1. From (1) at pLDDT below 90; (2) more than 20 Å from Tyr228 (Cβ to Cβ), pick out the condition that doesn't hold for Ala14.
2. Within the stretch 307-361, how many residues turn out to be more than 15 Å from the chain's Cα centre (by Cα), modelled with pLDDT of 90 or more and among the polar types (S, T, N, Q)?
3. Considering Ala224, Ala267, which residue is small (Gly, Ala, Ser) and in contact with a Leu (Cβ under 6 Å, 6 or more places away or on another chain)?
4. Test of understanding: among Ala103, Ala112, which residue is closer than 23 Å to Arg69 by Cα, among the aliphatic types (A, V, I, L, M) and surrounded by 24 or more Cβ atoms within 10 Å (Cβ to Cβ)?
5. Quick one: Tyr366 ticks every box in (1) surrounded by fewer than 20 Cβ atoms within 10 Å (Cβ to Cβ); (2) more than 18 Å from the chain's Cα centre (by Cα); (3) under 21 Å from Ala280 (Cα atoms); (4) modelled with pLDDT of 95 or more bar one, so which box is it?
6. Show the residue pairs that are 6+ apart or on different chains and have beta-carbon atoms under 6 Å apart, the first residue being within the stretch 329-352 and surrounded by fewer than 19 Cβ atoms within 10 Å (Cβ to Cβ), the second being outside any helix (DSSP H, G or I).
Amino acid sequence: MRPKPYILPVIIIAQFACTSPWFAGNTIIDDLALKTGIGNEIVGYIISSVQLGFITGTLFFALFIIADRFSPSKVFMVCALITAAFNFSLLMENISKWPLLIARFGTGFFLAGIYPVGMKIAADYYKHGLGKALGFLVGALVLGTAFPYLINGTSWGDSPEMVIKTTSVFTAIGGVFLFVLVPNGPYRKSSKKLNFAAGPKLFRSNNFKKAAFGYFGHMWELYAFWTYTPFAIKTFNDLSDTNISIPLFTGTVIALGGISCAIGGLASQRYESKKIALIALFISGVCCLFSPFLFTASPYFFIIGWCVWGMAVTADSPQFSNLVANAVSPELKGTGLTIVNSIGFALSIVSIQLLSFLSESIPPTYIFLILALGPIFGLWQLGQKRFIFNTFRNDESTT
């Protein structure tokens, strides 16, 4: 059964709109720190609170099998509206430390009902060619992440309130848009019973475990790279006496990752998802190892190198999600995707905090070397012979 042609574009647009609050607070983080009257020592907590909220949310959604027990379109819309409200609350006058951190935590918590649930909705519609659908869908997530930076790099960015207002309105509209136009998919199978052990039991499957571990290696690198790209640009500007726009170039680097996700999705129609993920992980791992040299290169090579890294670091994400989705039964696809997201984002907090520590103890040009551990681990997992055989077999049956 072929889905109606508008289904995937609607999911993509909604995913783009509803994930834009993710980094909205990060783009105006200096203004938020100033608003509390505390200063820069709160910056790390603001960044981590969104990730912690997302991890908590995904654990909650996975434990109670939310996306598989209830209509995923309804879950998506409700979470989008609540996310928009938490994001909009950043505009409160004289906001203090704890309301600010709660607002960012709440944003992250309810994004757990948007990102993995959006992938679940796609899986309910696209039994065949899911790698392509997820390539476009995760690409929309990446563009949504880049959107606040791109706003901040324009004249609109002169007003932090405009960043928050725009992303909040987009999120609310996107959630309603998807609910109205995308009903439950034809391949959806609902879980009738609440089973708290369903998520952890998935790791007994060798296919699921290997796909998940590969994803974890990818996540060790991804969000730390995104979070510290502004830091890298500032470092390069200081070392080379250049004036590259930090918000505009950061948004461009992240947005290019959205394009690479779509390219990888199209390539998955011809090549297996495992191979695409392996190539992307290899390129991003090489970029990690060569990162110190980029800081000593010309501005031209720094920009090109960082853009290549930005494309490689995201291209494998939808293909790992495809492998995870194909490794579980239909009634647990949402739970499988959610629990893998939860653990992956927990690892991203560790890598972000590790980079924060290293930035104060070693030269800033060397801190990105530690991110190579993720691609190395992921490549090792993808190199398992049994996993390669099973992945080839799964791709032949799903593309």
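1. Going through (1) at pLDDT below 90; (2) more than 20 Å from Tyr228 (Cβ to Cβ) one by one, Ala14 breaks only (1).
2. Residues in the stretch 307-361 being more than 15 Å from the chain's Cα centre (by Cα), modelled with pLDDT of 90 or more and among the polar types (S, T, N, Q): 0 in total.
3. Ala224
4. None of the others qualify; the one that does is Ala112.
5. Result: Tyr366 passes all but (3).
6. Short answer, once both residue conditions are applied: Pro330/Lys189; Glu331/Lys189; Glu331/Ser191.
The values are calculated or read from the model by the stated rules, or taken from the named source; none is laboratory data. Bear in mind that the values here come from a model prediction, so they are computed numbers and not experimental data. FYI the Cβ positions are ideal-geometry reconstructions off the backbone, even for glycines, and counts take in every protein chain you see.
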